[in-house]
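The values are calculated or read from the model by the stated rules, or taken from the named source; none is laboratory data. All figures in this text were calculated on a predicted structure; none of them were measured in a lab. Ideal geometry is used to build each Cβ from the backbone, glycine not excepted, and the neighbour counts take in all protein chains shown.
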Amino acid sequence: MVCQNHGVYLPAFINTLIHSMFFDSLFLLRLVISFLVASVFIGITTLLAERFGSKIGGLITNLPSNILISLLFIAIINGEAYVVNAIPTIPLGLAIDVVFLFVLIITMRYNFTLAIILSLLTWFLASWLVIKIDYTNLIVNSMVFIVVAISTFILLEKHFNIRSVSKSDKKYTIAQIVVRGMAGGFVVATVIVLSRVFESYIIGVLSTFPAVILTTMVILKINQSTQFAQATGKILIISISNILVYGCGVYFLYPVAGVAWGTLLSFFAAFIWIWALFPLMRRVR
């Protein structure tokens, strides 16, 4: 395909990316807004985690943020149907996030840099396999996530003996808040751009890329301790389920309630789910 704007031969998807990012002013404006909204939203929630300890902090930190803004802007740009078709693979993406966290938690006590490398390699390999399989049954994929999440949580709780840690008086630095917010904003913007060229089931997986989770773990490791980061990560494995609740809400509500109400009601459902998990987390060691 000839790229008219540059006079060279380029694959169709590259041509689409170039045109979207440099020649579609409305798309570019929405992209910038999505990046800023995600960065601010995630930056604010970052302040909550270490204030409430590893149990409650792990729950609050994982409220829908980047995926909420990603799906919202993708719906605005590509339409509700595209988002609904992307939802069935999100549970598999969340299952991969759980495995990513599990690898990171059990290896970070030895060498943190190596732990990050291994966990990211695990994520990319698992994502590649899921995309190749292309299985889009929402119920089955949700069951896969539930089994993976419960199994890894039990292993961390019983076998690896990851204990909860009390809240800390240490504060995030401005730089750490900005880094975490920008990491989420970057993922949101990237997913929105890729939604212009890839099929929806691929975006369902890519939208769960754990940039916010990784930056959370890195900041907690630096600001607190390995033990605090591990303990928060263990809770994140359970609290990731709220993203599944949010995704299912979008799946059923976007077609009948529209984007605005579908987003608000789905976020409310995820919040209620997080609230319902509080009593369970109090019983965790």
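What helices (runs of 4 or more DSSP H) completely inside segment 175-241 contain at least 1 residues that are modelled with pLDDT of 85 or more and in contact with a Ser or Thr (Cβ under 7 Å, 6 or more places away or on another chain)?
Because the criterion is at least 1 residues that are modelled with pLDDT of 85 or more and in contact with a Ser or Thr (Cβ under 7 Å, 6 or more places away or on another chain), the helices (runs of 4 or more DSSP H) in segment 175-241 that meet it are 200-206, 226-239.
Identify, by number, the condition in (1) within 17 Å of the chain's Cα centre (by Cα); (2) closer than 21 Å to C248 by Cβ that E80 doesn't meet.
Of the numbered conditions (1) within 17 Å of the chain's Cα centre (by Cα); (2) closer than 21 Å to C248 by Cβ, the odd one out for E80 is (1).
Go through (1) aliphatic (A, V, I, L, M); (2) buried (at least 21 other Cβ atoms within 10 Å of the Cβ); (3) under 18 Å from A149 (Cα atoms) for V188 and report which single condition fails.
(3)
How many residues, within segment 119-153, are hydroxyl-bearing (S, T, Y) and outside any helix (DSSP H, G or I)?
First, the residues of segment 119-153 that are hydroxyl-bearing (S, T, Y): 119, 122, 127, 135-136, 142, 151-152.
Cutting the leftovers down to outside any helix (DSSP H, G or I) gives us 135-136.
The number of residues fulfilling the criteria is 2.
Suppose we filter F278, F271 for residues that are aromatic (F, W, Y), closer than 26 Å to L155 by Cα and out of contact with any helix residue (DSSP H, G or I) (no Cβ under 6 Å at 6 or more places or on another chain); which single one remains? So that I can check it myself, show each step before the final result.
Values: F271 fails: closer than 26 Å to L155 by Cα.
Answer to the check: F278.
Residues of segment 216-244 being over 17 Å from L118 (Cβ atoms) and surrounded by fewer than 20 Cβ atoms within 10 Å (Cβ to Cβ), which ones?
I222, N223, Q224, S225, Q227
Which of the numbered conditions does D134 fail, given that it passes all the others? Conditions: (1) touching a residue at least 12 places away in the same chain (Cβ under 8 Å); (2) on the phi < 0 side of the Ramachandran plot; (3) not small (G, A, S).
(2)
Tell me which residues, restricted to segment 245-284, are surrounded by 13 or more Cβ atoms within 10 Å (Cβ to Cβ), among the aliphatic types (A, V, I, L, M) and either at pLDDT 90 or above or touching a strand residue (DSSP E or B) at 6+ places or on another chain (Cβ under 6 Å) (or both).
Once the filter is applied, which keeps residues that are surrounded by 13 or more Cβ atoms within 10 Å (Cβ to Cβ), among the aliphatic types (A, V, I, L, M) and either at pLDDT 90 or above or touching a strand residue (DSSP E or B) at 6+ places or on another chain (Cβ under 6 Å) (or both), segment 245-284 yields V245, V250, L253, A257, V259, L264, L265, A269, A270.
Looking only at segment 59-110, which residues are surrounded by fewer than 19 Cβ atoms within 10 Å (Cβ to Cβ), part of a helix (DSSP H, G or I) and hydroxyl-bearing (S, T, Y)?
Y82, T107
This table checks each residue for (1) out of contact with any strand residue (DSSP E or B) (no Cβ under 6 Å at 6 or more places or on another chain); (2) among the hydrophobic types (A, V, I, L, M, F, W, C); (3) at pLDDT 95 or above; (4) surrounded by 15 or more Cβ atoms within 10 Å (Cβ to Cβ).
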residue	(1), (2), (3), (4)
T122	yes, no, yes, yes
T136	yes, no, no, yes
I154	yes, yes, no, no
R163	yes, no, no, no
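Among the listed residues F252, F209, identify the single one that is within 12 Å of the chain's Cα centre (by Cα) and within 24 Å of W273 (Cβ to Cβ).
F209 is the lone residue from the list that is within 12 Å of the chain's Cα centre (by Cα) and within 24 Å of W273 (Cβ to Cβ).
If the Cβ limit is 9 Å and pairs must be 6+ apart or interchain, which residue in segment 140-156 that is under 22 Å from C248 (Cα atoms) pairs with which residue that is among the hydroxyl-bearing types (S, T, Y) and crowded, with 17+ Cβ neighbours inside 10 Å?
N141/T89; F145/S241; I146/S241; A149/S241
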